[in-house]
Amino acid sequence: MEEPKRKIKKSSNSKTILVSIVLIAILIYVFFTIYFLVKQPTDIFTIEKGNLYQEETDIGYVIRDEQVVQGENYKNGMMQIKSEGEKAAKDENIFRYYSSNEENLKNKIEDLDNKIQEVMINDTSLFSSDMKLLENQIDEKVEDINQITDVAKLIEYKKEINNLVTKKAQIAGNLSPKGSYLNQLIEERKGYESELNSGAEYVKAPRSGIVSYKVDGLEEVLKPSNFSSLSKEYLESLNLKTGKIVATSEESGKIINNFECYIATVSSSEEAKKAQVGQKVNIRLSNNIEIPAEITNLMKENENEIVIILKIEEQIAELINYRKITFNLIWWNAEGLKVPNQAIIKIDDLDYVVRNRAGYLSKILVKIKKQGEKYSIIDSYQTDELTAMGWTSNDIVQYKKITLYDEILLNPDLSQVE
């Protein structure tokens, strides 16, 4: 009776082993299936259009062609005629200094204006078409002045209103029985106004350009004629704070060349070491606007650093407030078929990608237009380029080109390629 039991037990063990083997096989199959499903998307890359650029963040010193203007009475305080950032023509008044007795004279003129106005209001005998016309003009100017925010225009309107009021008073003086008293007030006012104007010093623009009152004392230091003397040590010795707004002067102003300005920077990048005078680049300012620039000067600081002078012709007014800034220097940018560098293989100094079409793998010769750290912009070679490379007509006819939405392999195994 014991022998059949052994057979049953032996058969049961065999089934258990068989089931275990099947289960292990299934698990291995499932594991590898999942592995390849997960792995495949990272092994295949679909080509799309994209942008690629090489840029760096640098510290820049703003250099301008500018001329400081200051009069003799700079201690008296000044009044802006041209606003900050406004353009001025040569010999145009840009600001004036107050006269030494200006506040007192203004108070006297204001008192006389009140007296003149009181006389004209109380004299009911006054009527004239000229008077009515002047009153209408005064009302229009007063209404317009409430809508004006520009300092220069406000000053101009105020002056026009004062002239109209004076004319009205003069007519009233001729018509009114109280004319002698009114004329006396008018003449007294003229005297104070003449004294006020003669005591004020007007400062004119020595040339055309942008008016600014951001004077920092570096106008004669950081200027285009001093490029050759600039160095990293010298720029750092200025002890300027990055992004700090230059304070407005109460004693002087300046005229800035509104056509161009410069940015000096020190770079140790590989692109900087390969840079050339005349090279076109782009810069991106803090306002996120990207503008073209040109390298005008290169001074080797040491084995690793280069002083670069960049000329810009846009956003000049945007930089008036600053002397030291942070900006992005964009060495180059390219647009086209963008692929990961790990999809590119080099054979005999030529670059290839491996294309996958329905499982059929082909090695495709490509031209690298620009290459960054992780990606490249590629294109196909043109016929004339292939001919220059020594290709025959038959080779050129058979040349396979890479196109948009092609699938290529990452880290391709060349043993599997035709």
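Any read-out appearing in this document is the output of simple, stated calculations on the displayed coordinates, not a laboratory observation. From a predicted model like this one, the values you see are computed outputs, not experimental measurements. With ideal geometry, Cβ positions are generated from the backbone for all residues, glycine too; neighbour counts draw on all protein chains shown.
If I stretch the segment between Glu385 and Glu270 completely, what's the gain in nm (0.36 nm per residue apart, minus their alpha carbon distance), one decimal? Before the final figure, lay out the partial values.
Values: separation 115, 0.36 × 115 = 41.40 nm, distance 2.85 nm.
Between Glu385 and Glu270, full extension yields an extra 38.5 nm.
How far apart, in nanometres, would the label points at Ala358 and Thr57 be if each is projected 7 angstrom from Cα along the Cα-to-Cβ direction?
5.0 nm
Too long at a 30 Å Cα-Cα cut-off: which of Lys254/Lys300; Lys87/Lys274; Lys273/Lys338; Lys75/Lys241; Lys49/Lys241; Lys300/Lys338?
Among Lys254/Lys300; Lys87/Lys274; Lys273/Lys338; Lys75/Lys241; Lys49/Lys241; Lys300/Lys338, the Cα-Cα distance tops 30 Å for Lys254/Lys300; Lys87/Lys274; Lys49/Lys241; Lys300/Lys338.
Where does the charge balance sit around Ile291 when Lys and Arg score +1, Asp and Glu -1, over other residues with C-beta under 13 Å from its C-beta? Each step should come with its number before you reach the end.
Details: positive: Lys280, Arg284, Lys311; negative: Glu260, Glu290, Glu294, Glu313, Glu314, Glu318.
Net charge around Ile291: -3.
Determine the shape class of the range 344-416: with a ≥ b ≥ c the square roots of the Cα gyration tensor eigenvalues, call it rounded for a/c under 1.5, and otherwise prolate if a/b is greater than b/c, oblate otherwise.
On the way: a/c = 1.69, a/b = 1.25, b/c = 1.35.
Judged from the Cα gyration tensor, the range 344-416 comes out oblate (a/c at least 1.5, b/c at or above a/b).
³J(HN,Hα) across the range 368-374 via Karplus (A = 6.51, B = -1.76, C = 1.60, θ = phi - 60°), whole Hz, x for Gly/Pro?
Rounded to whole hertz, the list is 8, 7, 8, 10, x, 5, 10.
Could you run the Karplus curve 6.51 cos²θ - 1.76 cosθ + 1.60 with θ = phi - 60° over the range 280-295 and give me ³J(HN,Hα) per residue in whole Hz, x for Gly and Pro?
8, 9, 10, 10, 10, 8, 5, 7, 6, 8, 9, 10, x, 8, 9, 7
Provide the per-residue ³J(HN,Hα) series for the range 253-268, in order, calculated from phi with Karplus coefficients 6.51, -1.76, 1.60 and θ = phi - 60°, each as a whole number of Hz, with x at glycine and proline positions.
Listing the rounded values in order: x, 7, 10, 10, 4, 8, 9, 7, 8, 10, 10, 9, 9, 10, 10, 10 Hz.
About the Cα centre of the range 269-383, how large is the charge dipole given +1 on each Lys and Arg Cβ and -1 on each Asp and Glu Cβ? Please answer in debye to the nearest 20. Each step should come with its number before you reach the end.
Working: 17 positive and 16 negative charges, 87 e Å.
That gives a dipole near 420 debye.
Using a Förster distance of 30 Å, how high is the FRET efficiency between Lys374 and Thr326, based on the Cβ-Cβ distance and rounded to 0.05? Intermediate values should be presented prior to the final figure.
Numbers: r = 25 Å, r/R0 = 0.82.
Once rounded, the FRET efficiency stands at 0.75.
Using a basic spin-label model with each label point 7 Å from the Cα along Cα→Cβ, how many nm lie between Lys106 and Asp395?
Once both label points are built, they end up 8.5 nm from each other.
Identify, among Trp391, Tyr381, Gly359, the residue whose Cα sits farthest towards the positive end of the charge dipole of the range 344-416, taking +1 on the Cβ of Lys and Arg and -1 on the Cβ of Asp and Glu, with the dipole about the Cα centre.
Projecting each Cα onto the dipole axis, the largest value belongs to Gly359.
Would you grab the residues whose amide H sits under 5 Å from the one on Val366? Only those 5+ places off in sequence or on another chain, please, with H modelled 1.01 Å from N.
Under 5 Å from the amide H of Val366: Asp351, Tyr352, Val353.
What are the residues whose amide H is under 5 Å from the amide H of Asn297, where those residues sit 5 or more places off or on another chain and H is modelled from the backbone?
Distant-sequence amide H within range of Asn297: Ile309.
Stretch Glu48-Leu414 to full length: gain in nm at 0.36 nm per residue minus the Cα-Cα span?
129.4 nm
Below 9 angstrom from the Cβ of Ile306, what's the summed charge of the other residues (Lys, Arg +1; Asp, Glu -1)?
Details: positive: Lys273, Lys300; negative: Glu301, Glu305.
Result for the neighbourhood of Ile306: 0.
Want the number for Glu86 to Glu301: 0.36 nm per residue separation, take away the alpha-carbon distance, what's left?
Once the chain is fully extended between Glu86 and Glu301, it gains 73.6 nm.
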